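A.B. asks: First the structure, which I've put down as structure tokens, then a few questions once you've had a look.
Values in this text are rule-based calculations from the coordinates and carry no lab data. The structure presented is a predicted model; accordingly, all values stated were derived computationally and were not measured. FYI the Cβ positions are ideal-geometry reconstructions off the backbone, even for glycines, and counts take in every protein chain you see.
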């Protein structure tokens, strides 16, 4: 589920009529000082991070003056949640609370229907008071069951004149959830202030991933549940996934430096959720820190796997590349082998790589990977489904220990003919295919074998045998041709694939 920050959720609540404290978002101490001065009184400062228990980690502070707000914001912006720094602080007026409630809409998967949870006592520790939480059904068309809502509030000690506005606020929470197709909206606490206002003092909101495209107004650029604001590489990876429907590509950054006492930072590349989790355990059991989680599964194209590998290797200070998934994936593993082999060749991989290619055509896949990478500076080994993650994890640790190398991201190399005057080029989706025209005759048998039917049998120059639009989608076959030609000593075809945004992120290095 895609998450919204507190200030974003509150803006939606306010738009639909629920009062929220006055305030603004600060990205610097100067911003916080300005906002606090405009508010003209004591303020509360809260880090904007997708985590619970912000107060327990020092992420909530109070300031009496604008100068104090600036000083405390500087401290808050130095907090890290996981491996990533806080980027924004919500600065709000400090309100005087008379009563706290808890209200949350969630989708009950068992009932296959939305449900509002309401407690007449909000604040921290709500999980320990589950018995006191009322469960109120919500009709997908008609909204919350008002009779059940009124009954829940009537039995409380809340002032009678606040029952109606509280009921209206809870009902509105359900309406907001429907309006933005949220999977959950949690207001904890929903408060009655000392001057009688009903207010949302906090808000946590998640939106259904598959609904995000219908709500551009929410400003969600990655429709996935992350525990931190999307990094530049996560945004780049998400665009790759959006542009290529063949298989799944998920990339999330986890750590930017090794843990204390770690043996090093590892680029991780999985295939299939459960198997990937087991493989990550194998690496952490060997004392490594995982830089990222990546999954390419569901029969991904060679181009998608190539781009995934390039993005993983855009992370600095890796000591090795570890790839292992379920081991029984129902996908042709040789496509992954081609994508990895191409990426490793282009980057002249200089750190050890251990890749478990278990599943369909695993023998062919291992042969492709190891043979295509045999002349690279690093040791690159392929394994099959019968090789357990634990076993290959130990082998990986041994290779890393022997290597002692640390990865520095670099620009990918290209054959000299690519882009040259003697090359013939053809457009494909997201890139260009270059063929060394003088060597076309030598490369033709291999290309015809691995990209059958794409070119005419013309010994003088490459010509398309199919229309350009159909040819544009044949990147996997063309990558296979590139790798196989190189394996056979005829480096005469090169697939130049774009990864939008990666060059800029690396400062023009790629």
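A.B. asks: Seen from all sides and averaged, what is the projected area of the convex hull of the Cα atoms in segment 423-505, in nm²?
C.D. replies: 5.5
A.B. asks: Arrange 495, 140, 185, 180 by Cβ neighbour counts within 10 Å, fewest through most, would you?
C.D. replies: 140, 180, 495, 185
A.B. asks: If each DSSP helix of 4+ residues adds -39,500 (n - 2.57) and the sum is divided by the residues in the chain, what number results at 222 nm, nearest 500 deg cm²/dmol?
C.D. replies: -10000 deg cm²/dmol
A.B. asks: Further question on the same structure: List the equivalent ellipsoid semi-axes of segment 232-403 in whole Å, largest first, each obtained as the square root of 5λ for an eigenvalue λ of the Cα gyration tensor.
C.D. replies: In descending order, the three semi-axes are 21, 18, 16 Å.
A.B. asks: Using every pair of alpha-carbon atoms in segment 71-182, split the distances into 5 Å bins beginning at 0 and state the percent of pairs per bin, rounded to integers.
C.D. replies: All Cα pairs considered, the percentages come to 2, 9, 17, 16, 16, 13, 11, 8, 5, 1.
A.B. asks: Oh, and also: Using only Cα atoms, tell me the angle between helix 66-76 and the longest principal axis of the chain; keep it within 0 to 90° and round to the nearest 10.
C.D. replies: 40
A.B. asks: Hey, another quick one. Taking only Cα atoms, what is the 0 to 90° angle, nearest 10, from helix 232-243's long axis to the longest principal axis of the chain?
C.D. replies: 70
A.B. asks: Among DSSP bridges having both ends in the chain, what percentage is antiparallel? Round to the nearest 5.
C.D. replies: Beta bridges within the chain, antiparallel portion: roughly 80 percent.
A.B. asks: Rank these for me by crowding, 474, 141, going from fewest to most other beta carbons within 10 Å.
C.D. replies: 141, 474
A.B. asks: If you rank 321, 210, 338 by fewest surrounding Cβ atoms within 10 Å, what's the result?
C.D. replies: In increasing order of surrounding Cβ atoms, one gets 210, 321, 338.
A.B. asks: Please report, to two decimal places, log10 I(q)/I(0) for segment 361-409 at q = 0.23, 0.26, 0.32 Å⁻¹ as given by the Debye formula with identical point scatterers on the Cα atoms and no solvent.
C.D. replies: Result of the Debye calculation: -0.99, -1.09, -1.14.
A.B. asks: Now a separate question. Output the 0 to 90 degree angle, nearest 10, between the alpha-carbon long axis of helix 475-487 and the longest principal axis computed from the alpha carbons of the chain.
C.D. replies: Taking the Cα atoms of the chain, the angle to 475-487 is about 40 degrees.
A.B. asks: Next up: Kindly state, to the nearest 0.05, the FRET efficiency for residue 154 paired with residue 87, given R0 = 41 Å and r defined as their beta-carbon distance.
C.D. replies: That gives a FRET efficiency of 0.40.
A.B. asks: Work out how much length residue 139 to residue 193 would gain on full extension: take 0.36 nm times their residue separation and subtract the Cα-Cα distance, in nm to one decimal.
C.D. replies: My answer for the length gained is 16.4 nm.
A.B. asks: If you don't mind, another one. Set the Förster distance to 30 Å, then compute FRET efficiency between residue 168 and residue 28 from the Cβ-Cβ distance, nearest 0.05.
C.D. replies: 0.20
A.B. asks: If r is the Cβ-Cβ distance from residue 14 to residue 260 and R0 is 41 Å, what FRET efficiency results, to the nearest 0.05?
C.D. replies: Once the sixth-power term is evaluated, E becomes 0.40.
A.B. asks: Please work out how much length the chain gains when fully extended from residue 37 to residue 80, using 0.36 nm per residue of separation minus the C-alpha to C-alpha distance, in nm with one decimal.
C.D. replies: Fully extending the segment from residue 37 to residue 80 adds 12.8 nm.
A.B. asks: If you restrict to DSSP beta bridges whose two residues both lie in segment 232-403, what percentage is antiparallel, to the nearest 5?
C.D. replies: In segment 232-403, DSSP labels about 25 percent of beta bridges as antiparallel.
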